[in-house]
Number of protein chains: 2
Amino acid sequence: MFGFNTPSIDSKGRIAIPARYRIDFKTQNHNEIVITKDPQYPSIKLYHHSEWQRISTKLQSLQGLDPIVRNLQWTILGNAYQTDIDIEGRMLVRIPSDLQNYAQINEQKQVALVGMGNKFEIWNIKNWEMRQTGGSLSTEILDVVLPESIKEMSF
Amino acid sequence: MFGFNTPSIDSKGRIAIPARYRIDFKTQNHNEIVITKDPQYPSIKLYHHSEWQRISTKLQSLQGLDPIVRNLQWTILGNAYQTDIDIEGRMLVRIPSDLQNYAQINEQKQVALVGMGNKFEIWNIKNWEMRQTGGSLSTEILDVVLPESIKEMSF
DNA sequence: ACAGAATCCGGCTTATAAACCAACTCAACT
DNA sequence: AGTTGAGTTGGTTTATAAGCCGGATTCTGT
C-alpha cells in the first residue's frame, strides 16, 4: 500500500480505494478503519485497525499538561471517525464533511491518495503538488518544537 | 548487478532490463520490484523485494512530525509503485508517467540505467553525465541537513 | 406514529488504462 | 551465411475506475 493515486470523490463525499491497495485491507482481516486529521498539514489520515490501536493507545497514555501534547490529542483523537469498509466490493470510504473542509477537498472532483505503508493520506491535489515541489501551504497547523515524549512517535 | 547501461525507453514508458542483470533477480527468487523517487536527485530508484522491505520498514518506524523526516517518507513511500516482472521473459518494467517527469526522462529515447548492487538507478543521460563530471543539476530536491535518526540509513 | 423527503448504499454499464502475448528486427557468435 | 539470443514494437485481452441508476434506510415534520 505504497504510492500515489488520484481517485475521484463524488458529490456525496465517497472515495473508492484503488484496487492495488485493497489486498492489504483483506490480509489485515479487519474491515474497520479510522479517519482523522493530520495534526500538521491540511490533510486527512486513514489508518486501518491495528495501526490505529497503536497510535491511539500511545497518545492516550501521554500526560496532558504540555499544550502541544494536548493539541495533538485533541486533533487526532477528537476528530477520529471509525467506519466500516466493504472488503469485497469497491471499498468506498465516506469522508465526513468537516474533514473534507479541513483537507480542502470539498468542491473537488479528484483527490490525492497517498499510500504510506501503515497509513494513507488524503490531500487536495493542488496542496500535494505544492508540498512536493517545496512550496508553502496555506495552512501549516502545527509548526512547533516537539517535546521529547513524542519525538519517537510516528503518526 | 553493477555497472552502466543505456537501454531504450519506448512510447509506453517501458524499459527492458538488460540480460546481464537478470540473473540477480532470478537468484533473489522474488519477481516483485519497487520503483520510487530518489529523495535527493532527479532520478528513479528500483529496489528488489528484500531491499525494499528493509528501507520501507525503517522509514515507517520513524516518527513522523519532523518535517524533514516527513518529506523523506512522502517522497519515498508516497511515490512507490510495486510491480511484478517476468523473471523468465524480457523483464519489461513500466515507469509511471509522474516518475518519468521527475527523472526528466519523458521525451527521451534512451535512459541511463545504473546498477548499484542492491538497487538500480534510472537517470536522464544528460543529468547522469553532468553529475559524473561534477556539474550541478537543475533540481536537487532535498538539500538539507539530515537528522541523526536517518544518518545511518542508505536509500 | 405516519408520510414524505432526503440521503445513503450497492449493483450495473461503459470507458480507460495497464498487463499480456507474440512477432519482428538486430546483433553477435559460430 | 545460418543460428541463437536479446531487444523492440504493436496488437489483443484483461482489469480497473467512475458515472449512472434504483432500492433501501434513515430522518424530519406534521
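The values are calculated or read from the model by the stated rules, or taken from the named source; none is laboratory data. Just so it is clear, the structure is predicted and the values come from calculations on it, not from any experiment. Because the Cβ atoms are built from the backbone with ideal geometry, glycine has one as well, and the counts that use them run over all protein chains shown. In case anyone asks, the SASA skips ligands and DNA or RNA and just uses the protein heavy atoms, side chains included. Shrake-Rupley method; radii C 1.70, N 1.55, O 1.52, S 1.80 Å.
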When A:Val69 is run through (1) in contact with a strand residue (DSSP E or B) (Cβ under 6 Å, 6 or more places away or on another chain); (2) touching a residue at least 40 places away in the same chain (Cβ under 8 Å), the failure sits at (1)
Scan segment B:24-33 and give yes if some residue there is more than 8 Å from DNA strand D (Cβ to nearest atom) and within 15 Å of the chain's Cα centre (by Cα), otherwise no. yes
Yes or no: A:Ile55 open to solvent by less than 60 Å² (accessible area, probe 1.4 Å) and either part of a loop (DSSP other than H, G, I, E, B) or touching a helix residue (DSSP H, G or I) at 6+ places or on another chain (Cβ under 7 Å) (or both)? no
Scope segment A:85-97; condition touching a residue at least 40 places away in the same chain (Cβ under 8 Å) and either assigned to a loop (DSSP other than H, G, I, E, B) or closer than 12 Å to A:Leu46 by Cα (or both); matching residues: A:Ile85, A:Asp86, A:Ile87, A:Arg90, A:Met91, A:Val93, A:Arg94, A:Ile95, A:Pro96
If you take the residues of segment B:86-98 that are among the aliphatic types (A, V, I, L, M) and surrounded by 16 or more Cβ atoms within 10 Å (Cβ to Cβ), which of them is nearest to DNA strand D (Cβ to nearest atom)? B:Met91
Go through the residues of segment B:76-85 one by one and say whether even a single one is away from DNA strand C (no atom under 16 Å from the Cβ), under 28 Å from A:Pro39 (Cβ atoms) and surrounded by fewer than 21 Cβ atoms within 10 Å (Cβ to Cβ). no
Tell me whether segment B:105-120 contains one or more residues that are part of a helix (DSSP H, G or I) and out of contact with any Pro (no Cβ under 8 Å at 6 or more places or on another chain). no
For segment B:12-23 the number of residues that are within 12 Å of DNA strand C (Cβ to nearest atom), outside any strand (DSSP E or B) and either of a type in the set (Val, Ile, Thr) or closer than 20 Å to B:Gln100 by Cβ (or both) is 2
Options B:Asn71, B:Asn101; residue that is farther than 21 Å from A:Tyr21 by Cβ, away from DNA strand D (no atom under 13 Å from the Cβ) and crowded, with 16+ Cβ neighbours inside 10 Å: B:Asn71
Residue by residue through segment A:1-11, note down the ones that are of a type in the set (S, T, N, Q) and either more than 12 Å from DNA strand C (Cβ to nearest atom) or away from chain B (no Cβ under 11 Å) (or both). A:Ser8, A:Ser11
Checking B:Gly64 against (1) touching a residue at least 40 places away in the same chain (Cβ under 8 Å); (2) surrounded by 20 or more Cβ atoms within 10 Å (Cβ to Cβ); (3) within 14 Å of chain A (Cβ to nearest Cβ); (4) not in a helix (DSSP H, G or I), which single condition isn't satisfied? (1)
